[in-house]
Amino acid sequence: MKRIKQWTSLLLLVMVTFHASAQETVRLNREEAREYAMQHNEKMKNAKLDVIIARKKIWETTAQGLPQVDAQVAYQNIFDVPTASFPTPVLNKTPNEDYPGVYNYELTYVENPIKLGTKQSTTIDITVSQLIFSGSYIVGLQASKLYKELTQEQKAKSELEVKADVSNTYYMILVLEENVKIMENTLENLEKTEYEISEMLNEGFVEDTDLDQVSLSIMNIENAIRTLKSQVEVSYELFKMQLGMDMETNLELTESLDAVVANLAAESLLEKEFQVQNNINYRLLEKQTEMQELDVKLKKSEFLPTISGFYRHQEKTQQADFDFFFPDIIGLNVQVPIFHSAARFSKVKQAKLNLEKTKNQKDQAVKGIRVDVKRAKVELADAVANYRNQQKNLNLSQKIYDKTLAKYKEGLATSMDLTQANNQLLQTQSGYYQSMLNMLKAKVNLNKKYNNL
């Protein structure tokens, strides 16, 4: 019984320890969150695997030009082994009865059957081959290396996209949480006002409708706070998914919204010169154009001969009496394309036309990239201007509300005036935080164009 209690206590201790570990809070600033996503996000994991696969593809292509060794073992059983008979002359010597010491000689022929095979035999064949020259192999090797570079660029694009998503969600959570704080502060002030109006109602200085107006505003704010908290909860779930983090992990953002806005540096970003060569989409287009150029080379290489050498060694466990068998052979294979009804010329022409199309698409895409950058700059500039206007509007709305509340307490404003001022303040707060979020997202979008995340 004592041992059972000890094991039970140990099990409970392990469960408590595991639970405490699972409930450990992870604290991340924006940069730490992005680095975490680089290691754990599923999209990034697949991008890294693609690079590894591309490296293996290079080795696969390279190995085709290295010595190849093949072995073959064949067993055969012949039911009836064929034979061939060849007459063999035999000189017979016999003594002459009439003349002692003299011999008679007679030439006869004896059948000597020769087997043309063996009942059972096993053949072991080892062949060593080496590619000496192949145009398609050379181009294929170049293409595999270029494919690796292309996957690396695609990995860089995935990094940009994941960092942008993580940054935008990080900002959204900060804005929502700050909005909740402001709403809760507003709710607290309204509850104080409700208490004061309730006291004034007891003294007969105000009417029931005045208290009802404030109570209605309180309920509206409580509903708004619940909605915002639900949005915060969903945003955290989205953020954990983007990070590649376990959904049960407690997560806390350590960076403040004020610090993020203070370090915006939008003006320097707007003045920064754009270099299209640094844009990830442009770099991908460059690699795709190079791939199309290699396709033209590949089609042209089909006109070139393919040369390979080989050495073959063969062993037989059983050998027939009459068998033309050569155990060691060395040779050279040369394959030369001569005539294929102009099919190869047509393939080269198609590849050149596709290359021309790719170049046209690239030129069009470059123009589109430049337009996107200009649009992103305009959006950031507009977002900054709108944020500053909303900031002024918020200060004015707060000022109007405070004055209206003071007048209401002095009997110089109605409850309707107070409700209108409060609604106006709430709308301005909502517009202010939305403009802040739009500004932060616009900065992320422009930085993404600059490949600067």
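The values are calculated or read from the model by the stated rules, or taken from the named source; none is laboratory data. Note that the structure is predicted; figures quoted are calculated from it, not measured. Cβ coordinates were reconstructed from backbone atoms using ideal geometry, including for glycine residues, and neighbour counts include every protein chain displayed.
Could you figure out which of (1) buried (at least 17 other Cβ atoms within 10 Å of the Cβ); (2) under 28 Å from the mean Cα position of the chain (by Cα); (3) not in a helix (DSSP H, G or I) isn't true of N452?
(1)
From the list L412, L380, L405, L396, which one is within 31 Å of the chain's Cα centre (by Cα) and among the hydrophobic types (A, V, I, L, M, F, W, C)?
Just one listed residue meets the conditions, L380.
List pairs: first in segment 409-429 and part of a loop (DSSP other than H, G, I, E, B), second at pLDDT 85 or above, Cβ under 7 Å, 6+ apart or cross-chain?
A413/T404; A413/K407
Only residues that are assigned to a loop (DSSP other than H, G, I, E, B), modelled with pLDDT under 90 and surrounded by 15 or more Cβ atoms within 10 Å (Cβ to Cβ): list them for segment 271-303, please.
Selection gives F274, E302.
What number goes with the only condition from (1) surrounded by 15 or more Cβ atoms within 10 Å (Cβ to Cβ); (2) closer than 26 Å to A37 by Cα; (3) of a type in the set (S, T, Y) that S256 does not pass?
Single failed check for S256: (1).
Restricting segment 304-326 to residues that are assigned to a loop (DSSP other than H, G, I, E, B) and at pLDDT 85 or above, which is farthest from S346 (Cα to Cα)?
The qualifying residue farthest from S346 (Cα to Cα) is P305.
It is to be established whether one or more residues within segment 45-54 are modelled with pLDDT of 90 or more, surrounded by 12 or more Cβ atoms within 10 Å (Cβ to Cβ), of a type in the set (G, A, S) and more than 17 Å from E252 (Cβ to Cβ).
Looking through segment 45-54, at least one residue is modelled with pLDDT of 90 or more, surrounded by 12 or more Cβ atoms within 10 Å (Cβ to Cβ), of a type in the set (G, A, S) and more than 17 Å from E252 (Cβ to Cβ).
Considering K367, K392, K441, which residue is more than 22 Å from N278 (Cα to Cα), out of contact with any strand residue (DSSP E or B) (no Cβ under 9 Å at 6 or more places or on another chain) and either outside any loop (DSSP other than H, G, I, E, B) or free of Cβ contacts under 8 Å to residues at least 12 places away in the same chain (or both)?
K392
Yes/no matrix, rows are residues, columns are (1) more than 30 Å from K119 (Cα to Cα); (2) surrounded by fewer than 11 Cβ atoms within 10 Å (Cβ to Cβ); (3) in contact with a strand residue (DSSP E or B) (Cβ under 8 Å, 6 or more places away or on another chain); (4) without any contact (Cβ under 8 Å) to a residue 40 or more places away in the chain:
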{"site": "Q319", "(1), (2), (3), (4)": "no, no, yes, no"}
{"site": "P327", "(1), (2), (3), (4)": "no, yes, yes, yes"}
{"site": "A342", "(1), (2), (3), (4)": "yes, yes, no, yes"}
{"site": "F345", "(1), (2), (3), (4)": "yes, no, no, yes"}
{"site": "K362", "(1), (2), (3), (4)": "yes, no, no, no"}
{"site": "E379", "(1), (2), (3), (4)": "yes, no, no, no"}
{"site": "A383", "(1), (2), (3), (4)": "yes, no, no, no"}
{"site": "Y401", "(1), (2), (3), (4)": "yes, no, no, yes"}
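Does E184 meet the test of being among the acidic types (D, E), surrounded by 14 or more Cβ atoms within 10 Å (Cβ to Cβ), closer than 27 Å to K441 by Cα and free of Cβ contacts under 8 Å to residues at least 60 places away in the same chain?
yes
Within segment 125-134, is there a residue that is at pLDDT below 75, in a strand (DSSP E or B), touching a Leu at 6+ places or on another chain (Cβ under 9 Å) and not β-branched (V, I, T)?
Looking through segment 125-134, none of the residues is at pLDDT below 75, in a strand (DSSP E or B), touching a Leu at 6+ places or on another chain (Cβ under 9 Å) and not β-branched (V, I, T).
Of (1) closer than 30 Å to Y147 by Cβ; (2) at pLDDT below 85; (3) not β-branched (V, I, T), E35 satisfies all except one. Which?
(2)
Go through T118, T127 for me and flag whichever is closer than 30 Å to Q319 by Cα and buried (at least 17 other Cβ atoms within 10 Å of the Cβ).
Testing whether each residue is closer than 30 Å to Q319 by Cα and buried (at least 17 other Cβ atoms within 10 Å of the Cβ) leaves just T118.
Could you please find all residues in segment 214-231 being surrounded by fewer than 17 Cβ atoms within 10 Å (Cβ to Cβ) and in contact with a Ser or Thr (Cβ under 8 Å, 6 or more places away or on another chain)?
The one that is surrounded by fewer than 17 Cβ atoms within 10 Å (Cβ to Cβ) and in contact with a Ser or Thr (Cβ under 8 Å, 6 or more places away or on another chain): L216.
With (1) over 16 Å from S217 (Cα atoms); (2) surrounded by fewer than 20 Cβ atoms within 10 Å (Cβ to Cβ); (3) of a type in the set (G, A, S) as the list, and S435 as the residue in question, which single condition is left unmet?
Against the list (1) over 16 Å from S217 (Cα atoms); (2) surrounded by fewer than 20 Cβ atoms within 10 Å (Cβ to Cβ); (3) of a type in the set (G, A, S), S435 comes up short only on (2).
Would you check if there is a residue in segment 56-76 being in a helix (DSSP H, G or I), closer than 30 Å to I126 by Cα, among the aliphatic types (A, V, I, L, M) and touching a residue at least 24 places away in the same chain (Cβ under 8 Å)?
Within segment 56-76, one or more residues are in a helix (DSSP H, G or I), closer than 30 Å to I126 by Cα, among the aliphatic types (A, V, I, L, M) and touching a residue at least 24 places away in the same chain (Cβ under 8 Å).
Do we have E97 as surrounded by fewer than 14 Cβ atoms within 10 Å (Cβ to Cβ), outside any helix (DSSP H, G or I) and of a type in the set (D, E) here?
yes
If I filter segment 364-377 down to residues being within 14 Å of L269 (Cβ to Cβ) and of a type in the set (A, V, I, L, M), which single residue comes out as surrounded by the most Cβ atoms within 10 Å (Cβ to Cβ)?
A376
With the structure loaded, tell me whether K362 is more than 30 Å from G431 (Cβ to Cβ) and either of a type in the set (V, I, T) or in contact with a Leu (Cβ under 7 Å, 6 or more places away or on another chain) (or both) or whether it fails that test.
yes
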